[in-house]
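Chemist: I'd like to ask some things about the structure below.
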Amino acid sequence: MKWLNAIKRFQGASPLSFRMLAYILVCSSVFTVFATGVQIYSDYRKDVGLVDQRLELIKTSYQSSLARSLWSLDQKLLRVQMQGILNLPDIVHLELLIYPDTEIVMGQVPADSDTKSDKVILKHSADEVYELGELTITASLDEIYKQLRARVFVILTTQAFKTFFLSIIILWIFNYLVTRHLGKMAKYTLGLNIHALNQPLTLNRKQPKGSPDELDQVTSALNSMRTTLLRDIEKQNQDANEIRRLSLAIEQSPSSVLICDDRWSITYANQKFRQLTGHNLNTIIGRHPKSLTLMSQDKEQNDQLWHNIEIQVERAGMWQGEMHSTRQGGEKFWEQVVITPIRNEEGVTTQYLILGEDISVRKHYEQQLLKQANYDLLTSLPNRMLALDRLKLALAQSRRDHSLVGLMFLDLDNFKTINDTLGHDAGDALLVEAARRISNALRGNSTVARLGGDEFLIILPNLEHAEDSDVVGERILAAFSVPFDINGQEIFVSTSIGIAVYPLDCDNSSTLLQYADAAMYQAKSKGKSAYQRFTPDINQHSRERLKLDAYLRKALENREFTLNFQPIVEAATGRLVGAEALLRWDHPELGRISPDTFIPLAEESGLIIPIGEWVLEEACSVTAGWNRRLEQTLSIAINVSPRQFRDRSFVDAVDKALSDSGLPASKLELEITERLLLDNTLETNEILRALDDRGVRLSVDDFGTGYSALSYLKSYPFDSLKVDRAFVKDVMTESEDAALVTAIITMAHSLGLSVIAEGVEDTQQLHFLRTKGCDFAQGYFYSRPVPADEFLEWVEENQRLRASS
């Protein structure tokens, strides 16, 4: 029975087994007629059963694959699969009905043929079960009848039994050597899929000697196919992972990404682009990227930009630069863009990659830095660097147009005094208002710049006549004639203007600047609130001023300064009480230089501080020497400049001068200019209090010539005030001056201050002062300022005269 079961298995499993069995049965029929008769009926039933089994096998083997092909609408694969079924034994006709009304027919039913049919319902299961169609399979029974006739023929042969047993042996051998291995191969092949590739195919047989047989070849081929599938699947997985990584990298890139096709139509935009611009992917798909920058500039300029980009990308393989892009709401922003082509293996451009980065913040800071580098932060005017650049451009344009360029150098008169008096905040407010007035006085293509401090530069391009600059100067002076309102206080400030014209005065920017600066100082020397055109003699004056500044810087080191002393006497009695120390400069080449000439230079350069310290030390030392020699004790009065007074080491310098000389603090009187009284700051108050605490006497110098801040006199610890020589000079001829001097003396005495009158030159002036109660007098009536040794001789002579009288 085992061998019969084996026969049945092979008959149902393989057409090859079926054919082998058919030949064996034919041979067996020759062996015996009787047995064949019985066997014919049995075999007939078997053969019909085989057909049924074959039909059932087709249903089970092909139903799912046909359903998948039908579900994917792959008619080509359907026809290949149906052709495979049609090639099976006994299968002669296939009819596939695809719901609802499509039909595929293959094969043909022979005429007068006995057939057997079966139907297969093709279904696909997803979330639901779908019936896709119906396959009708028709098998012919002609072959069975043919085999029966053959078996009858075999029965008629005398060797039926011999052949039958021989066929059984052959069949067993074939089964052992071939069919069982084929079955295993078929089973292995049916179970082969992407999830079951780890186990190779092995056959339970001895390895044949010599060359591999067909079974080994098929086994090797199947295993090779398995290895190839494994390798392909692994490669596909790697490719899929790589694609997934690249896709995630692009989608999550911190830079915006656009991908365009070979015609520059947008096909992809990543998440960063959508966040940056607010554009939805659906709204920009198919559009040219230049449509995203169209709102930032005119159409012609935008088209030209992208035309140049496309050319650059094709020629150089990349374009990068800055673009003014637009968000969905119309907001403009700066973007750093890099555009590169994506080429295939043949080097043909198939796509374009556009990377963008929002640089609006960086551009904002760049603009701020550019403004800080080129504009004055206080007035928002161009600074020196930008002004010089514009001056060079104006000169270049002038050379092309054969026009004139006017250059004006402005300096605010007495700005330092106001800045020192009212403080830096008031000075800044004054500069801002001055800048506004200057700008309003100019025409559109002119440039006004702040060079620093209180200096301004004006560039007047395209002038037809040099005199046109004079008109501008007049407008500026008129603008400054209106008082300035600084923190509620009305202040009058004028300006001095120097003018140089290119190319009439010179042919280069640096010299033009120098000449305008020299002309400005000439305007100041004319009395300020004026403008001055450059002339050659001004250049000489400017050179002399620069030379004088250089000499001044070496004067202290070369011991070129000396002190002259003028006596201060008691007006009522003529008794000498002290002297005023006056600085003189004797240059070895230039001779004696007037204080009115070098003191302003020292103030501007800051040299007044070391010079003032030397004056303090020298005057205190000389006075202490006199007091040790003379029978009386004299005091010494010294002028202090505002810049020296505000120096942080000023009080220390006073302490050092007194300590080194041994002069009592009460014998030192510091004369402070009247304008310092308006600077009602904590710093001023502290310095004055510190000096008063040390016993140093304080005096207001040249009272009545400055701001006349009478209300501030009682706020500070002053001991005396000095009436300016300009008022004393005309007390006998001008009733106004006489009344003013009288009022000053009366007011000072009411505040407990003593009064010193400067510039007393005759007896009549002295008599007037005595009658008005003036305390002390000083002037040529007593003595001119003289060196220390001559002053000592004058003192000794004065003592002898007083003793003899």
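The values are calculated or read from the model by the stated rules, or taken from the named source; none is laboratory data. What you are looking at is a predicted structure, and each value in this text was computed from that prediction instead of being measured. Here the Cβ positions follow ideal geometry from the backbone for every residue, glycine too, while neighbour counts run over all protein chains shown. Remember, those area values only see protein heavy atoms, side chains included, never the ligands or the DNA or RNA. Shrake-Rupley method; radii C 1.70, N 1.55, O 1.52, S 1.80 Å.
Chemist: Expressed as a whole percentage, what fraction of the accessible surface of the chain belongs to carbon and sulfur atoms when a 1.4 Å probe is rolled over the protein heavy atoms?
Modeler: Working: 22340 of 42630 Å².
In the chain, the share of accessible area belonging to carbon and sulfur is 52 percent.
Chemist: Report, in whole Å, the centroid distance computed from the Cα atoms of the stretch 384-454 and the stretch 759-805.
Modeler: Using only Cα atoms, the two centres lie 51 Å from each other.
Chemist: Related question: Per-residue counts of other Cβ atoms within 10 Å, averaged by peptide: what ranking do you get for 617-624, 166-173, 178-185, highest first?
Modeler: Per-residue mean Cβ counts within 10 Å order the peptides as 617-624, 178-185, 166-173.
Chemist: So what's the Cα pair-distance distribution over the stretch 229-354, bin width 5 Å, in %?
Modeler: Percent of Cα pairs in each bin: 2, 10, 17, 22, 20, 12, 7, 5, 3, 2, 1, 0.
Chemist: Further question on the same structure: Report the label-to-label distance for GLN336 and VAL361 in nanometres (one decimal), using points 7 Å from each Cα along the Cα→Cβ vector.
Modeler: Label at GLN336, label at VAL361, 1.3 nm between them.
Chemist: Grab the DSSP H runs of the chain that are 4 residues or longer, score each as -39,500 (n - 2.57), total them, divide by all residues and round the 222 nm result to the nearest 500 deg cm²/dmol. It would help to have the intermediate numbers written out before the result.
Modeler: Working: 27 runs with 402 residues, N = 805.
Value at 222 nm, helices only, nearest 500: -16500 deg cm²/dmol.
Chemist: Would you work out the relative contact order for the chain, in percent, from Cα pairs under 8 angstrom that are 6 or more residues apart? Walk me through the numbers on the way to the answer.
Modeler: On the way: 1231 pairs, mean separation 50.3, N = 805.
For the chain, the relative contact order is 6 percent.
Chemist: Under a point-charge model restricted to the Cβ atoms of Lys and Arg (+1) and Asp and Glu (-1), what is the dipole moment magnitude of the stretch 492-621 relative to its Cα centre, in debye to the nearest 20?
Modeler: Roughly 320 debye for the stretch 492-621.
Chemist: Assuming R0 = 30 Å, can you tell me the calculated FRET efficiency for the pair GLU128 and ASP74, based on Cβ-Cβ distance, to the nearest 0.05?
Modeler: Once rounded, the FRET efficiency stands at 0.90.
Chemist: Once you charge only the Cβ atoms, +1 for Lys and Arg and -1 for Asp and Glu, what is the size of the charge dipole of the chain about its Cα centre, to the nearest 20 debye?
Modeler: Dipole of the chain, to the nearest 20 debye: 6840 debye.
Chemist: Okay, next question. Are there GluC sites (Glu not before Pro) in the stretch 521-577 that DSSP puts in a loop and that have at most 10 other Cβ atoms within 10 Å, and which ones?
Modeler: GLU557
Chemist: Can you check how the C-alpha radius of gyration of the stretch 210-285 compares to 2.2 N^0.38 Å, as a plain ratio?
Modeler: Normalised by 2.2 N^0.38 Å, the Cα Rg of the stretch 210-285 equals 2.03.
Chemist: At 0.36 nm per residue, and after removing the present C-alpha to C-alpha distance, how many nm does the segment from ARG559 to ILE311 gain when stretched out fully? Before the final figure, lay out each step's value.
Modeler: On the way: separation 248, 0.36 × 248 = 89.28 nm, distance 7.60 nm.
Length gained between ARG559 and ILE311: 81.7 nm.
Chemist: Next up: For helix 650-661, what angle does its Cα long axis make with the longest principal axis of the chain, in degrees from 0 to 90 and rounded to 10?
Modeler: 50
Chemist: Can you give the Kirkwood hydrodynamic radius of the stretch 382-476 from its Cα pairs, in Å with one decimal?
Modeler: 14.2
Chemist: Now for a separate question. For GLN351, which sequence-distant residues (separation of 5 or more, or a different chain) have an amide H within less than 5 Å of its own amide H, given hydrogens modelled in the peptide plane?
Modeler: ILE342
Chemist: Using θ = phi - 60° and the Karplus relation 6.51 cos²θ - 1.76 cosθ + 1.60, list the HN-Hα couplings for the stretch 301-308 in order, rounded to whole Hz, with x at every Gly or Pro.
Modeler: Result, rounded to whole Hz: 5, 5, 4, 5, 4, 6, 4, 5.
Chemist: Moving on. On a C-alpha basis, how far is the centre of the stretch 569-606 from the centre of the stretch 455-492 in Å? Whole number, if you could?
Modeler: 36
Chemist: Between LEU546 and HIS402, what length comes free when the chain is fully extended (0.36 nm per residue of separation minus the Cα-Cα distance, one decimal in nm)? Display every interim value, and only then the final one.
Modeler: On the way: separation 144, 0.36 × 144 = 51.84 nm, distance 3.33 nm.
Difference between extended and current length: 48.5 nm.
Chemist: Just the number, please: Stokes-Einstein D of the stretch 359-423 in µm²/s, Kirkwood Rh from C-alpha pairs, 10 °C, 1.306 mPa s.
Modeler: It comes out at roughly 106 µm²/s.
Chemist: I've got another one for you. In square angstrom, what is the accessible area per residue of the chain with a 1.4 angstrom probe?
Modeler: On the way: 42630 Å² over 805 residues.
Accessible area per residue: 53 Å².
Chemist: Starting from the Cα of LYS667, draw a straight line to each of the lysines and keep only those under 27 Å, dropping any in the same chain fewer than 8 residues away.
Modeler: Excluding near neighbours in sequence, the set is LYS656, LYS714, LYS722, LYS772.
Chemist: Give the Kirkwood hydrodynamic radius (Å, one decimal) of the chain, defined as one over the mean of 1/r across all pairs of different Cα atoms.
Modeler: Answer for the chain: a Kirkwood hydrodynamic radius of 39.8 Å.
Chemist: Moving to a separate point now. Return the Rg/Rh ratio of the stretch 454-553 with Cα-based radii and a Kirkwood Rh.
Modeler: For the stretch 454-553, the value is 1.03.
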